[in-house]
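**Student:** Can you keep this structure in mind? I'll have questions shortly.
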Amino acid sequence: MEGGSVATPFGRRAMTLGMLANQVMAREIEDGKTVDKWKLFRALCEARPLIGVTDRALAVMNALLSFYPKDELSEAHGLVVFPSNAQLSLRSHGMTEQTIRRHLAVLVEAGLIFRKDSPNGKRYVRRNGAGAIDEAFGFSLAPLLARADEVERLAAQVTAERLHLQRLRERLTLCRRDVAKLIETAVEEGARGDWEMISLHFRALVTAIPRTSTPDVLATALEEMEMLRDEIVNLLEMHVDSKKISGNPFQNDRHIQNSNTESIFEPEPAIETKQGEKSEIDRQTLPVTRGHKDVDHGKRGVNTASAANEGHRSLPGAGIKAFPLALVLQACPQIADYGTGGAISTWRDLMAAAVVVRSMLGVSPDAYQQACEILGAENAATVIACILERAGHINSAGGYIRDLTRRAERGEFAIGPMLMSLARANGNSVRKAG
(Lines give C-alpha, C1' and ligand atoms only; values in the text may rest on other atoms or scores of the structure.)
Protein backbone atom coordinates (compact mmCIF):
# COMPACT_ATOMS: atom_id res chain seq x y z
CA MET A 1 0.00 0.00 0.00
CA GLU A 2 1.24 3.48 -0.89
CA GLY A 3 3.05 5.14 1.97
CA GLY A 4 2.96 1.93 4.03
CA SER A 5 0.68 3.48 6.68
CA VAL A 6 -3.00 3.70 7.51
CA ALA A 7 -4.96 6.39 5.67
CA THR A 8 -7.62 8.04 7.80
CA PRO A 9 -10.44 10.12 6.26
CA PHE A 10 -10.40 13.89 6.11
CA GLY A 11 -12.81 16.13 8.01
CA ARG A 12 -15.74 14.83 10.02
CA ARG A 13 -15.82 11.38 8.40
CA ALA A 14 -15.01 8.79 11.05
CA MET A 15 -12.54 5.95 10.69
CA THR A 16 -14.16 2.49 10.82
CA LEU A 17 -12.89 -1.03 11.25
CA GLY A 18 -14.15 -1.80 7.77
CA MET A 19 -11.88 0.89 6.29
CA LEU A 20 -8.95 -0.48 8.27
CA ALA A 21 -9.68 -4.03 7.07
CA ASN A 22 -9.77 -2.87 3.43
CA GLN A 23 -6.40 -1.18 3.80
CA VAL A 24 -4.88 -4.22 5.49
CA MET A 25 -6.20 -6.43 2.69
CA ALA A 26 -4.67 -4.07 0.12
CA ARG A 27 -1.24 -4.66 1.67
CA GLU A 28 -1.50 -8.40 0.93
CA ILE A 29 -1.51 -8.06 -2.86
CA GLU A 30 0.82 -10.61 -4.41
CA ASP A 31 4.02 -9.22 -5.91
CA GLY A 32 3.70 -8.68 -9.63
CA LYS A 33 -0.05 -9.29 -9.72
CA THR A 34 -1.79 -7.61 -12.67
CA VAL A 35 -5.39 -7.72 -13.85
CA ASP A 36 -7.08 -6.30 -16.93
CA LYS A 37 -9.18 -3.51 -15.43
CA TRP A 38 -12.06 -3.74 -17.92
CA LYS A 39 -12.28 -7.52 -17.72
CA LEU A 40 -12.36 -7.19 -13.93
CA PHE A 41 -15.03 -4.49 -14.18
CA ARG A 42 -17.24 -6.77 -16.29
CA ALA A 43 -16.84 -9.51 -13.70
CA LEU A 44 -17.74 -6.96 -11.01
CA CYS A 45 -20.93 -6.06 -12.87
CA GLU A 46 -21.82 -9.77 -13.10
CA ALA A 47 -21.17 -10.37 -9.39
CA ARG A 48 -23.06 -7.22 -8.33
CA PRO A 49 -25.93 -9.10 -6.57
CA LEU A 50 -23.50 -10.98 -4.32
CA ILE A 51 -21.18 -8.04 -3.63
CA GLY A 52 -24.00 -5.67 -2.75
CA VAL A 53 -23.40 -2.60 -4.93
CA THR A 54 -25.89 -0.68 -7.06
CA ASP A 55 -25.75 -0.07 -10.79
CA ARG A 56 -25.19 3.65 -10.15
CA ALA A 57 -22.23 2.82 -7.91
CA LEU A 58 -20.81 0.70 -10.73
CA ALA A 59 -21.15 3.69 -13.07
CA VAL A 60 -18.95 5.68 -10.67
CA MET A 61 -16.48 2.76 -10.51
CA ASN A 62 -16.35 2.76 -14.30
CA ALA A 63 -15.49 6.46 -14.23
CA LEU A 64 -12.73 5.89 -11.65
CA LEU A 65 -11.20 3.12 -13.76
CA SER A 66 -11.21 5.39 -16.81
CA PHE A 67 -8.84 7.72 -14.95
CA TYR A 68 -6.34 4.92 -14.39
CA PRO A 69 -3.73 5.40 -17.16
CA LYS A 70 -2.99 1.72 -17.88
CA ASP A 71 -5.21 -1.15 -18.98
CA GLU A 72 -3.60 -3.42 -16.41
CA LEU A 73 -4.11 -2.75 -12.71
CA SER A 74 -0.73 -3.14 -11.00
CA GLU A 75 1.05 -1.82 -7.94
CA ALA A 76 4.05 -1.02 -10.16
CA HIS A 77 2.07 1.79 -11.81
CA GLY A 78 0.40 2.98 -8.62
CA LEU A 79 -3.24 2.34 -7.73
CA VAL A 80 -4.48 5.80 -6.72
CA VAL A 81 -6.65 7.90 -9.05
CA PHE A 82 -7.31 11.55 -8.21
CA PRO A 83 -10.06 13.04 -10.40
CA SER A 84 -12.09 16.01 -9.21
CA ASN A 85 -15.84 15.69 -8.65
CA ALA A 86 -16.43 17.77 -11.79
CA GLN A 87 -14.38 15.33 -13.89
CA LEU A 88 -16.14 12.36 -12.30
CA SER A 89 -19.50 13.94 -13.12
CA LEU A 90 -18.55 14.27 -16.79
CA ARG A 91 -17.48 10.62 -17.05
CA SER A 92 -20.51 9.43 -15.04
CA HIS A 93 -22.92 10.78 -17.67
CA GLY A 94 -23.75 14.00 -15.84
CA MET A 95 -24.36 12.49 -12.39
CA THR A 96 -24.61 15.24 -9.78
CA GLU A 97 -21.75 15.69 -7.31
CA GLN A 98 -24.02 14.89 -4.37
CA THR A 99 -25.03 11.59 -6.01
CA ILE A 100 -21.40 10.82 -6.84
CA ARG A 101 -20.35 11.30 -3.20
CA ARG A 102 -23.13 8.97 -2.07
CA HIS A 103 -22.10 6.20 -4.46
CA LEU A 104 -18.42 6.66 -3.66
CA ALA A 105 -19.39 5.90 -0.06
CA VAL A 106 -21.13 2.71 -1.29
CA LEU A 107 -17.95 1.58 -3.05
CA VAL A 108 -15.89 2.26 0.06
CA GLU A 109 -18.34 0.36 2.27
CA ALA A 110 -18.36 -2.59 -0.17
CA GLY A 111 -14.56 -2.83 0.15
CA LEU A 112 -13.78 -2.06 -3.50
CA ILE A 113 -11.87 1.21 -2.95
CA PHE A 114 -10.65 3.29 -0.03
CA ARG A 115 -9.97 6.98 0.35
CA LYS A 116 -6.43 8.23 0.62
CA ASP A 117 -7.10 11.83 1.67
CA SER A 118 -4.54 14.60 1.59
CA PRO A 119 -3.97 16.91 4.56
CA ASN A 120 -6.52 19.40 3.20
CA GLY A 121 -8.88 16.82 1.70
CA LYS A 122 -8.06 17.72 -1.91
CA ARG A 123 -7.17 15.17 -4.55
CA TYR A 124 -3.87 15.75 -6.26
CA VAL A 125 -0.54 14.17 -7.16
CA ARG A 126 3.03 15.13 -6.18
CA ARG A 127 5.71 14.34 -8.76
CA ASN A 128 9.48 14.08 -8.51
CA GLY A 129 12.06 15.85 -10.64
CA ALA A 130 11.79 13.21 -13.39
CA GLY A 131 8.03 13.71 -13.67
CA ALA A 132 7.18 10.38 -12.09
CA ILE A 133 4.46 10.18 -9.44
CA ASP A 134 5.95 10.49 -6.00
CA GLU A 135 2.72 10.48 -3.97
CA ALA A 136 -0.96 10.71 -4.92
CA PHE A 137 -4.05 11.54 -2.90
CA GLY A 138 -7.50 10.38 -4.04
CA PHE A 139 -9.10 6.94 -4.32
CA SER A 140 -7.04 3.75 -4.11
CA LEU A 141 -8.04 0.83 -6.34
CA ALA A 142 -5.88 -1.55 -4.33
CA PRO A 143 -8.85 -3.36 -2.66
CA LEU A 144 -10.31 -4.10 -6.09
CA LEU A 145 -7.01 -5.61 -7.25
CA ALA A 146 -6.68 -7.59 -4.01
CA ARG A 147 -10.19 -9.05 -4.45
CA ALA A 148 -9.87 -9.77 -8.18
CA ASP A 149 -9.93 -13.57 -7.76
CA GLU A 150 -12.92 -13.36 -5.43
CA VAL A 151 -14.82 -11.10 -7.82
CA GLU A 152 -14.22 -13.46 -10.75
CA ARG A 153 -15.32 -16.46 -8.68
CA LEU A 154 -18.53 -14.70 -7.62
CA ALA A 155 -19.19 -13.67 -11.22
CA ALA A 156 -18.85 -17.28 -12.39
CA GLN A 157 -21.26 -18.38 -9.64
CA VAL A 158 -23.87 -15.79 -10.63
CA THR A 159 -23.53 -16.77 -14.29
CA ALA A 160 -23.96 -20.48 -13.53
CA GLU A 161 -27.02 -19.83 -11.37
CA ARG A 162 -28.58 -17.64 -14.04
CA LEU A 163 -28.01 -20.24 -16.76
CA HIS A 164 -29.41 -22.97 -14.50
CA LEU A 165 -32.50 -20.87 -13.80
CA GLN A 166 -32.90 -20.14 -17.51
CA ARG A 167 -32.71 -23.84 -18.42
CA LEU A 168 -35.25 -24.72 -15.74
CA ARG A 169 -37.63 -22.08 -17.10
CA GLU A 170 -37.18 -23.38 -20.65
CA ARG A 171 -37.83 -26.99 -19.61
CA LEU A 172 -40.86 -25.97 -17.57
CA THR A 173 -42.27 -23.94 -20.48
CA LEU A 174 -41.87 -26.87 -22.86
CA CYS A 175 -43.42 -29.28 -20.34
CA ARG A 176 -46.40 -26.95 -19.78
CA ARG A 177 -46.94 -26.74 -23.53
CA ASP A 178 -46.73 -30.54 -23.86
CA VAL A 179 -49.27 -31.12 -21.08
CA ALA A 180 -51.73 -28.56 -22.44
CA LYS A 181 -51.64 -29.97 -25.98
CA LEU A 182 -51.73 -33.60 -24.83
CA ILE A 183 -54.83 -32.95 -22.72
CA GLU A 184 -56.47 -31.23 -25.70
CA THR A 185 -55.61 -34.19 -27.92
CA ALA A 186 -56.91 -36.70 -25.38
CA VAL A 187 -60.25 -34.91 -25.08
CA GLU A 188 -60.65 -34.65 -28.86
CA GLU A 189 -59.79 -38.33 -29.37
CA GLY A 190 -62.03 -39.52 -26.53
CA ALA A 191 -59.25 -41.32 -24.66
CA ARG A 192 -60.14 -43.02 -21.39
CA GLY A 193 -59.37 -40.94 -18.32
CA ASP A 194 -60.72 -38.35 -15.94
CA TRP A 195 -59.55 -35.44 -18.07
CA GLU A 196 -61.52 -32.88 -16.10
CA MET A 197 -59.61 -33.80 -12.94
CA ILE A 198 -56.33 -33.90 -14.84
CA SER A 199 -57.02 -30.42 -16.26
CA LEU A 200 -57.78 -29.08 -12.79
CA HIS A 201 -54.54 -30.57 -11.49
CA PHE A 202 -52.64 -29.01 -14.39
CA ARG A 203 -54.13 -25.57 -13.74
CA ALA A 204 -53.31 -25.89 -10.04
CA LEU A 205 -49.67 -26.65 -10.85
CA VAL A 206 -49.43 -23.67 -13.20
CA THR A 207 -51.09 -21.31 -10.71
CA ALA A 208 -48.68 -22.38 -7.96
CA ILE A 209 -45.62 -21.21 -9.92
CA PRO A 210 -44.63 -17.73 -8.66
CA ARG A 211 -43.53 -15.03 -11.08
CA THR A 212 -40.17 -14.63 -9.38
CA SER A 213 -38.96 -18.14 -8.65
CA THR A 214 -35.83 -19.63 -7.16
CA PRO A 215 -34.15 -22.64 -8.79
CA ASP A 216 -35.48 -24.92 -6.03
CA VAL A 217 -39.07 -23.79 -6.61
CA LEU A 218 -38.79 -24.23 -10.38
CA ALA A 219 -37.15 -27.64 -10.02
CA THR A 220 -40.03 -28.85 -7.82
CA ALA A 221 -42.63 -27.45 -10.22
CA LEU A 222 -40.84 -29.06 -13.18
CA GLU A 223 -40.74 -32.45 -11.46
CA GLU A 224 -44.48 -32.35 -10.74
CA MET A 225 -45.26 -31.19 -14.29
CA GLU A 226 -43.13 -33.96 -15.80
CA MET A 227 -44.90 -36.57 -13.66
CA LEU A 228 -48.25 -35.30 -14.92
CA ARG A 229 -46.99 -35.40 -18.51
CA ASP A 230 -45.81 -38.99 -18.07
CA GLU A 231 -49.23 -40.00 -16.74
CA ILE A 232 -50.98 -38.41 -19.72
CA VAL A 233 -48.58 -40.02 -22.19
CA ASN A 234 -49.21 -43.43 -20.61
CA LEU A 235 -52.98 -42.99 -20.96
CA LEU A 236 -52.64 -41.88 -24.58
CA GLU A 237 -50.30 -44.76 -25.42
CA MET A 238 -52.84 -47.21 -24.01
CA HIS A 239 -55.54 -45.51 -26.09
CA VAL A 240 -53.42 -45.87 -29.25
CA ASP A 241 -52.66 -49.49 -28.39
CA SER A 242 -56.32 -50.29 -27.82
CA LYS A 243 -57.26 -48.77 -31.18
CA LYS A 244 -54.67 -50.95 -32.92
CA ILE A 245 -56.01 -54.06 -31.18
CA SER A 246 -59.64 -53.19 -31.88
CA GLY A 247 -58.82 -52.72 -35.55
CA ASN A 248 -58.05 -56.45 -35.96
CA PRO A 249 -61.39 -58.30 -36.41
CA PHE A 250 -59.78 -61.76 -36.12
CA GLN A 251 -58.46 -61.40 -32.57
CA ASN A 252 -60.04 -60.92 -29.19
CA ASP A 253 -58.98 -57.68 -27.43
CA ARG A 254 -59.01 -59.04 -23.88
CA HIS A 255 -57.17 -62.22 -24.87
CA ILE A 256 -54.40 -60.28 -26.64
CA GLN A 257 -53.89 -57.90 -23.74
CA ASN A 258 -53.56 -60.68 -21.17
CA SER A 259 -51.27 -62.82 -23.33
CA ASN A 260 -48.74 -60.09 -24.08
CA THR A 261 -46.22 -60.81 -21.32
CA GLU A 262 -43.86 -58.05 -22.45
CA SER A 263 -46.37 -55.22 -22.39
CA ILE A 264 -45.05 -52.15 -20.59
CA PHE A 265 -48.53 -51.43 -19.32
CA GLU A 266 -48.80 -54.66 -17.32
CA PRO A 267 -45.83 -54.61 -14.86
CA GLU A 268 -47.73 -56.56 -12.18
CA PRO A 269 -48.23 -60.32 -12.59
CA ALA A 270 -51.68 -61.70 -13.26
CA ILE A 271 -53.37 -63.46 -10.34
CA GLU A 272 -54.81 -66.83 -11.24
CA THR A 273 -55.94 -69.65 -8.95
CA LYS A 274 -56.68 -73.29 -9.42
CA GLN A 275 -59.68 -74.99 -7.94
CA GLY A 276 -59.20 -75.66 -4.24
CA GLU A 277 -56.22 -73.29 -3.89
CA LYS A 278 -56.10 -69.90 -2.20
CA SER A 279 -55.23 -66.95 -4.41
CA GLU A 280 -52.34 -64.61 -3.68
CA ILE A 281 -54.92 -62.00 -2.66
CA ASP A 282 -56.34 -64.35 -0.02
CA ARG A 283 -52.89 -64.57 1.53
CA GLN A 284 -52.50 -60.77 1.79
CA THR A 285 -53.01 -59.01 5.09
CA LEU A 286 -55.66 -56.51 3.96
CA PRO A 287 -59.21 -57.78 4.48
CA VAL A 288 -61.75 -57.90 1.67
CA THR A 289 -65.41 -58.86 1.74
CA ARG A 290 -67.02 -61.75 -0.03
CA GLY A 291 -70.76 -61.33 -0.25
CA HIS A 292 -72.06 -60.68 3.30
CA LYS A 293 -68.86 -61.44 5.29
CA ASP A 294 -65.45 -59.81 5.42
CA VAL A 295 -62.31 -61.91 5.68
CA ASP A 296 -60.76 -60.24 8.74
CA HIS A 297 -59.86 -63.03 11.19
CA GLY A 298 -63.36 -64.42 10.78
CA LYS A 299 -65.14 -61.32 12.05
CA ARG A 300 -68.44 -60.26 10.59
CA GLY A 301 -68.40 -57.11 8.42
CA VAL A 302 -70.87 -54.69 6.93
CA ASN A 303 -72.94 -56.00 4.04
CA THR A 304 -72.24 -53.74 1.07
CA ALA A 305 -73.09 -56.13 -1.76
CA SER A 306 -76.86 -56.35 -1.37
CA ALA A 307 -77.50 -54.72 -4.73
CA ALA A 308 -75.23 -57.22 -6.46
CA ASN A 309 -76.83 -60.15 -4.63
CA GLU A 310 -80.25 -59.02 -5.81
CA GLY A 311 -79.08 -59.17 -9.42
CA HIS A 312 -78.86 -55.39 -9.90
CA ARG A 313 -75.63 -53.79 -11.17
CA SER A 314 -75.11 -50.01 -11.13
CA LEU A 315 -72.82 -48.00 -13.34
CA PRO A 316 -69.06 -48.21 -12.53
CA GLY A 317 -68.10 -45.93 -9.65
CA ALA A 318 -71.72 -45.12 -8.82
CA GLY A 319 -73.29 -45.93 -5.47
CA ILE A 320 -69.93 -46.60 -3.75
CA LYS A 321 -69.84 -43.91 -1.12
CA ALA A 322 -66.47 -42.54 -0.08
CA PHE A 323 -65.56 -42.68 3.59
CA PRO A 324 -64.74 -39.46 5.48
CA LEU A 325 -61.30 -38.13 4.63
CA ALA A 326 -60.42 -37.88 8.34
CA LEU A 327 -61.09 -41.61 8.76
CA VAL A 328 -58.91 -42.47 5.76
CA LEU A 329 -56.02 -40.38 7.11
CA GLN A 330 -56.44 -41.96 10.57
CA ALA A 331 -56.23 -45.44 9.15
CA CYS A 332 -53.53 -44.62 6.57
CA PRO A 333 -51.19 -41.98 8.02
CA GLN A 334 -48.28 -42.78 5.68
CA ILE A 335 -50.00 -41.28 2.62
CA ALA A 336 -49.66 -37.80 4.16
CA ASP A 337 -45.89 -37.92 3.52
CA TYR A 338 -46.61 -37.76 -0.22
CA GLY A 339 -48.97 -34.79 -0.05
CA THR A 340 -48.00 -31.25 -0.97
CA GLY A 341 -45.84 -29.93 1.85
CA GLY A 342 -46.10 -33.28 3.66
CA ALA A 343 -49.79 -32.83 4.49
CA ILE A 344 -53.20 -33.73 3.06
CA SER A 345 -56.21 -31.54 3.76
CA THR A 346 -58.59 -32.23 0.86
CA TRP A 347 -59.65 -35.13 -1.33
CA ARG A 348 -57.79 -33.50 -4.20
CA ASP A 349 -54.59 -33.64 -2.13
CA LEU A 350 -55.20 -37.33 -1.41
CA MET A 351 -55.83 -38.16 -5.07
CA ALA A 352 -52.68 -36.30 -6.13
CA ALA A 353 -50.65 -38.17 -3.52
CA ALA A 354 -52.18 -41.46 -4.67
CA VAL A 355 -50.89 -40.86 -8.21
CA VAL A 356 -47.35 -40.52 -6.84
CA VAL A 357 -47.68 -43.59 -4.60
CA ARG A 358 -49.28 -45.57 -7.42
CA SER A 359 -46.17 -45.14 -9.55
CA MET A 360 -43.89 -45.92 -6.60
CA LEU A 361 -45.72 -49.19 -5.84
CA GLY A 362 -45.52 -50.33 -9.48
CA VAL A 363 -49.24 -50.13 -10.19
CA SER A 364 -49.77 -49.53 -13.91
CA PRO A 365 -51.76 -46.48 -15.08
CA ASP A 366 -54.26 -48.86 -16.69
CA ALA A 367 -54.90 -50.71 -13.42
CA TYR A 368 -55.34 -47.50 -11.47
CA GLN A 369 -57.58 -45.95 -14.14
CA GLN A 370 -59.81 -49.04 -14.07
CA ALA A 371 -60.00 -48.80 -10.28
CA CYS A 372 -61.05 -45.15 -10.55
CA GLU A 373 -63.81 -46.05 -13.00
CA ILE A 374 -65.19 -48.93 -10.91
CA LEU A 375 -64.66 -47.64 -7.37
CA GLY A 376 -64.64 -43.89 -7.97
CA ALA A 377 -61.61 -41.60 -7.79
CA GLU A 378 -61.86 -41.06 -4.01
CA ASN A 379 -62.19 -44.76 -3.22
CA ALA A 380 -59.37 -45.71 -5.59
CA ALA A 381 -57.10 -43.23 -3.82
CA THR A 382 -58.20 -44.71 -0.49
CA VAL A 383 -57.27 -48.21 -1.67
CA ILE A 384 -53.82 -46.96 -2.73
CA ALA A 385 -53.39 -45.45 0.74
CA CYS A 386 -54.36 -48.77 2.34
CA ILE A 387 -51.93 -50.70 0.13
CA LEU A 388 -49.16 -48.27 1.08
CA GLU A 389 -49.75 -49.03 4.78
CA ARG A 390 -49.15 -52.76 4.22
CA ALA A 391 -46.80 -52.56 1.23
CA GLY A 392 -44.27 -54.82 2.94
CA HIS A 393 -46.82 -57.64 3.11
CA ILE A 394 -48.09 -57.41 -0.48
CA ASN A 395 -46.11 -59.10 -3.24
CA SER A 396 -47.82 -57.39 -6.17
CA ALA A 397 -49.62 -54.11 -5.53
CA GLY A 398 -50.75 -53.97 -9.16
CA GLY A 399 -52.22 -57.48 -9.11
CA TYR A 400 -53.83 -56.77 -5.74
CA ILE A 401 -55.68 -53.64 -6.93
CA ARG A 402 -56.80 -55.40 -10.12
CA ASP A 403 -58.29 -58.22 -8.06
CA LEU A 404 -60.06 -55.77 -5.74
CA THR A 405 -61.43 -53.90 -8.76
CA ARG A 406 -62.85 -57.10 -10.25
CA ARG A 407 -64.46 -58.01 -6.92
CA ALA A 408 -65.92 -54.51 -6.57
CA GLU A 409 -67.39 -54.81 -10.05
CA ARG A 410 -69.13 -58.03 -8.93
CA GLY A 411 -70.25 -56.38 -5.69
CA GLU A 412 -67.96 -58.58 -3.54
CA PHE A 413 -65.66 -55.95 -2.04
CA ALA A 414 -66.13 -53.18 0.56
CA ILE A 415 -63.54 -50.68 1.70
CA GLY A 416 -64.99 -50.30 5.22
CA PRO A 417 -63.52 -53.47 6.80
CA MET A 418 -60.14 -52.67 5.23
CA LEU A 419 -60.09 -49.21 6.81
CA MET A 420 -61.28 -50.50 10.19
CA SER A 421 -58.64 -53.20 10.26
CA LEU A 422 -55.89 -50.70 9.51
CA ALA A 423 -57.27 -48.28 12.08
CA ARG A 424 -57.14 -51.00 14.74
CA ALA A 425 -53.63 -52.01 13.65
CA ASN A 426 -52.45 -48.41 13.94
CA GLY A 427 -53.97 -48.07 17.40
CA ASN A 428 -56.62 -45.55 16.38
CA SER A 429 -59.98 -45.60 18.12
CA VAL A 430 -62.35 -45.17 15.22
CA ARG A 431 -66.10 -45.27 15.69
CA LYS A 432 -67.53 -47.76 13.29
CA ALA A 433 -70.36 -46.38 11.17
CA GLY A 434 -73.44 -48.53 10.98
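The values are calculated or read from the model by the stated rules, or taken from the named source; none is laboratory data. What you see is a predicted model; the values in this text were computed from it and never measured. FYI the Cβ positions are ideal-geometry reconstructions off the backbone, even for glycines, and counts take in every protein chain you see. Heavy atoms of the whole protein, side chains included, go into the accessibility calculation; ligands, DNA and RNA do not. Shrake-Rupley method; radii C 1.70, N 1.55, O 1.52, S 1.80 Å.
**Student:** Quick query: amide H of Ala136 versus all other amide H atoms, modeled in the peptide plane; which residues come in under 5 Å with a sequence gap of 5 or more or a different chain?
**Tutor:** Arg126
**Student:** So how much accessible area does Met95 have, in Å² to the nearest 10, using a 1.4 Å probe?
**Tutor:** Its accessible surface works out to 10 Å², give or take rounding.
**Student:** Do any of Lys33/Lys116; Lys70/Lys122; Lys37/Lys70 go past 19 Å between their Cα atoms, and which?
**Tutor:** Too far apart for the 19 Å limit: Lys33/Lys116; Lys70/Lys122.
**Student:** Once label points are set 7 Å from the Cα along Cα→Cβ at both Asn85 and Lys243, what is their separation, rounded to one decimal in nm?
**Tutor:** If labels sit at Asn85 and Lys243, their model points lie 7.7 nm apart.
**Student:** Compute the FRET efficiency between Arg42 and Thr340 as 1/(1 + (r/R0)^6), taking r as their Cβ-Cβ distance and R0 = 35 Å, and round to the nearest 0.05.
**Tutor:** 0.25
**Student:** Right, another one. Considering all projection directions equally, how large on average is the shadow of the alpha-carbon convex hull of segment 30-102, in square nanometres?
**Tutor:** In nm², the orientation-averaged hull projection of segment 30-102 is 5.3.
**Student:** Sorted by packing (mean other beta-carbon atoms within 10 Å per residue), highest first, where do 324-337, 401-414, 179-192 land?
**Tutor:** 401-414, 324-337, 179-192
**Student:** Cβ under 10 Å from Gln370's Cβ, Gln370 left aside: what net charge do those residues give with Lys, Arg +1 and Asp, Glu -1?
**Tutor:** 0
**Student:** By how many nm would the segment from Ser199 to Lys70 lengthen if fully extended, with 0.36 nm per residue of separation less the alpha-carbon distance?
**Tutor:** Result for the pair: 40.2 nm of gain on full extension.
**Student:** Convert each backbone phi in segment 140-147 into a coupling constant with the Karplus relation 6.51 cos²θ - 1.76 cosθ + 1.60 (shift: θ = phi - 60°), then list the ³J(HN,Hα) values in order as whole Hz, x for Gly and Pro.
**Tutor:** 8, 8, 4, x, 5, 5, 5, 9
**Student:** So between Glu161 and Lys181, what do we pick up on full extension, going 0.36 nm a residue minus the alpha carbon distance?
**Tutor:** 4.2 nm
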